[in-house]
């Protein structure tokens, strides 16, 4: 017998019937059916994943679609934590915000949509200020 002590959710839209992202805005109606992915995460929470002190890890990965960079990781993690806790009583350990490297099919998409230069200049810009040289 083995025990899984870490679980990662690649996309909150993976298991929904319509394959759409879960809106994290105040406009979400209370009568919207809970997507299967939310139910699966709640089940994982019920088993202890993502809950404090359990030793069972539940991490989320945020990767925006299109020619967009993710917001600051700490800010988006705080937003997801607040909204998922409030709306669905979901707990998790960490959220990792990823940016797509502009190569391959993504590069082709950026070229075709006229977004390669703006995306690349934003993507290559450091997010942490460099220390001043003395």
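Taking 7 Å steps out from each Cα toward its Cβ at residue 72 and residue 111 produces label points 3.6 nm apart.
For the range 83-125, rounded, prolate or oblate, judged on the Cα gyration tensor with a ≥ b ≥ c (square roots of eigenvalues), a/c < 1.5 rounded, else prolate if a/b > b/c? Judged from the Cα gyration tensor, the range 83-125 comes out prolate (a/c at least 1.5, a/b above b/c).
Every number in this text was worked out from the coordinates using simple rules, so none of it is lab data. It should be emphasised that the depicted structure is a prediction, and the values quoted were computed from it without experimental measurement. Neighbour counts run over all protein chains shown; Cβ positions are idealised from the backbone, glycine included.
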